[in-house]
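A.B. asks: Mind having a look at this structure? Questions to follow.
The values are calculated or read from the model by the stated rules, or taken from the named source; none is laboratory data. Since we're looking at a predicted model, the values are computed, not measured. Cβ sites come from the backbone with ideal geometry, for glycine too, and all protein chains shown count toward neighbours.
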Amino acid sequence: MKTQLLTLLLTLCLSVIMAQRIPSDSIETDNGLLIIQPILHSTFVMQWNGKTIYVDPYGGVEAFKGIDAPDIILITDIHGDHTNLETLRGLDTKEATFIVPQAVAEMLKKDYEKQLVVIKNGGMSAQGTIFISALPMYNLPEEDTSKHPRGRGNGYFLNLGGKNIYISGDTEDIDEMRELRKVDIAFICMNLPYTMDIHQAADAVLDFKPKIVYPFHYRGKPDMSDTAAFKKLINAKNSNIEVRLRNWYPNYK
């Protein structure tokens, strides 16, 4: 009886968490569906072809309840909303490969040294049929006091199932972003003073023209996180870009 009651309570807790969770999206690829599950801030999960990819796991382990353990973990930068040791230590990561920049590897090597694959800007890693390239992410103008200096962190460009996916990391509207082409899905950050405002972000998106764009990492000042205005800025000039607005700040406790 006690075991049955405990099972029921755990099931109810999981149901509450999943009810709070942002609905996932499904996108057709050349080899099955790509499932995109927003989690929190700049954290999301992608599932494709039997593989589960966590991006910047953050928000506490409860945010990932009911989601498969990761096969790949992408981490963009050293800040606590990207490299979150408390969250990582609560997750089942024993089978995961971590794709990280060197600065993040230094933070993780004590716990995960044998699981780390370090790539720097311009580098690449093939994980089965998933191809991952590291792109620059940095602030403008480039100064010694920059919160995100060039070369420390990675944006990521993935190819899986014939889809090209860009994850900006914490960056401004740098040339390396604007010069991207043939992007199917883009995750674009915004919030000052750490990244960029909605006008910079929209202008960059209009340059590289992804088919689908998710604004994320937008917590901050209201005028810097007005994703509806971001969508209008883009679609006023290019109605072919699909801007998907999702609530990246559910009420996880």
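A.B. asks: Considering only residues that are over 19 Å from GLU172 (Cα atoms) and either assigned to a loop (DSSP other than H, G, I, E, B) or in contact with a helix residue (DSSP H, G or I) (Cβ under 6 Å, 6 or more places away or on another chain) (or both), which ones fall in the stretch 148-162? Break it down stepwise before answering.
C.D. replies: Looking only at the stretch 148-162, we keep the residues that are over 19 Å from GLU172 (Cα atoms), and these are 158-162.
Correct list: GLY161, GLY162.
A.B. asks: Between a first residue in the stretch 79-92 that is in a loop (DSSP other than H, G, I, E, B) and a second residue that is of a type in the set (Phe, Trp, Tyr), which pairs have beta carbons less than 6 Å apart while being 6 or more apart in sequence or on different chains?
C.D. replies: Note: pairs meeting the criteria are ASP81/TYR58; ASN84/TYR58.
A.B. asks: On to the next question. Of these, GLU176, GLU172, which one is closer than 20 Å to GLY151 by Cα and outside any loop (DSSP other than H, G, I, E, B)? First the steps, then the outcome.
C.D. replies: Details: GLU172 fails: outside any loop (DSSP other than H, G, I, E, B).
After applying the criteria, what remains is GLU176.
A.B. asks: Could you please tell me which pairs satisfy a Cβ distance under 8 Å, a separation of 6+ or placement on different chains, a first residue in the stretch 195-218 that is under 14 Å from VAL243 (Cα atoms), and a second residue that is in a helix (DSSP H, G or I) and aromatic (Phe, Trp, Tyr)?
C.D. replies: Within 8 Å, the pairs are ILE198/PHE230; ALA201/PHE230; ALA202/PHE230; PRO215/PHE230.
A.B. asks: Only one of (1) over 28 Å from TYR249 (Cα atoms); (2) without any contact (Cβ under 8 Å) to a residue 40 or more places away in the chain fails for GLY128. Which number is that?
C.D. replies: Unmet for GLY128, out of (1) over 28 Å from TYR249 (Cα atoms); (2) without any contact (Cβ under 8 Å) to a residue 40 or more places away in the chain: (2).
A.B. asks: If you don't mind, another one. Quick check on the stretch 43-72: of everything there that is among the acidic types (Asp, Glu) and closer than 21 Å to LEU116 by Cα, which residue is surrounded by the most Cβ atoms within 10 Å (Cβ to Cβ)?
C.D. replies: The extreme case among them is ASP56.
A.B. asks: Within the stretch 219-232, work out how many residues are under 28 Å from ASN159 (Cβ atoms) and either touching a His at 6+ places or on another chain (Cβ under 9 Å) or free of Cβ contacts under 8 Å to residues at least 12 places away in the same chain (or both).
C.D. replies: To start, the set of residues in the stretch 219-232 that are under 28 Å from ASN159 (Cβ atoms) comprises 227, 230-231.
Within this subset, residues satisfying the condition of being either touching a His at 6+ places or on another chain (Cβ under 9 Å) or free of Cβ contacts under 8 Å to residues at least 12 places away in the same chain (or both) are 230.
The qualifying residues number 1.
A.B. asks: Continuing with this model, one more query. Pick out the one residue from SER42, SER26 that is within 18 Å of ALA186 (Cβ to Cβ) and touching an Asp or Glu at 6+ places or on another chain (Cβ under 9 Å).
C.D. replies: Residue meeting the stated conditions: SER42.
A.B. asks: Hey, another quick one. Any residue in the stretch 9-21 that is closer than 20 Å to ALA63 by Cα and either modelled with pLDDT of 95 or more or not in a helix (DSSP H, G or I) (or both)?
C.D. replies: Kept after step one, since they are closer than 20 Å to ALA63 by Cα, are these residues of the stretch 9-21: 9-21.
Filter once more, keeping what is either modelled with pLDDT of 95 or more or not in a helix (DSSP H, G or I) (or both): 21.
The answer is yes, given that some residue of the stretch 9-21 is closer than 20 Å to ALA63 by Cα and either modelled with pLDDT of 95 or more or not in a helix (DSSP H, G or I) (or both).
A.B. asks: Mind telling me which of the residues ILE99, ILE72, ILE119, ILE67 ends up being touching a strand residue (DSSP E or B) at 6+ places or on another chain (Cβ under 8 Å), over 29 Å from ALA201 (Cα atoms) and among the hydrophobic types (A, V, I, L, M, F, W, C)? Lay out the reasoning, then the answer.
C.D. replies: Numbers: ILE99 fails: over 29 Å from ALA201 (Cα atoms); ILE72 fails: over 29 Å from ALA201 (Cα atoms); ILE119 fails: over 29 Å from ALA201 (Cα atoms).
ILE67 is the lone residue from the list that is touching a strand residue (DSSP E or B) at 6+ places or on another chain (Cβ under 8 Å), over 29 Å from ALA201 (Cα atoms) and among the hydrophobic types (A, V, I, L, M, F, W, C).
A.B. asks: Being in a loop (DSSP other than H, G, I, E, B), modelled with pLDDT of 95 or more and of a type outside the set (Ser, Thr, Tyr) is the filter here, so list the residues in the stretch 128-147 that pass it. Before you say what the answer is, go through the steps one by one.
C.D. replies: Within the stretch 128-147, the subset in a loop (DSSP other than H, G, I, E, B) is 128-129, 136-147.
Still in the list and also modelled with pLDDT of 95 or more: 128-129, 136-138.
Passing the criteria: GLY128, PRO136, MET137.
A.B. asks: Among the candidates TYR112, TYR156, which residue alone is among the hydroxyl-bearing types (Ser, Thr, Tyr), buried (at least 18 other Cβ atoms within 10 Å of the Cβ) and touching a residue at least 40 places away in the same chain (Cβ under 8 Å)?
C.D. replies: On the way: TYR112 fails: touching a residue at least 40 places away in the same chain (Cβ under 8 Å).
Checking each option against the conditions leaves just TYR156.
A.B. asks: Do the conditions hold for LEU135, that is, is it over 16 Å from the mean Cα position of the chain (by Cα) and crowded, with 17+ Cβ neighbours inside 10 Å?
C.D. replies: Details: over 16 Å from the mean Cα position of the chain (by Cα): no; crowded, with 17+ Cβ neighbours inside 10 Å: yes.
For LEU135, the condition - over 16 Å from the mean Cα position of the chain (by Cα) and crowded, with 17+ Cβ neighbours inside 10 Å - is not met.
A.B. asks: Checking CYS189 against (1) in contact with a strand residue (DSSP E or B) (Cβ under 6 Å, 6 or more places away or on another chain); (2) crowded, with 21+ Cβ neighbours inside 10 Å; (3) not β-branched (Val, Ile, Thr): exactly one of these is not met. Which one?
C.D. replies: (1)
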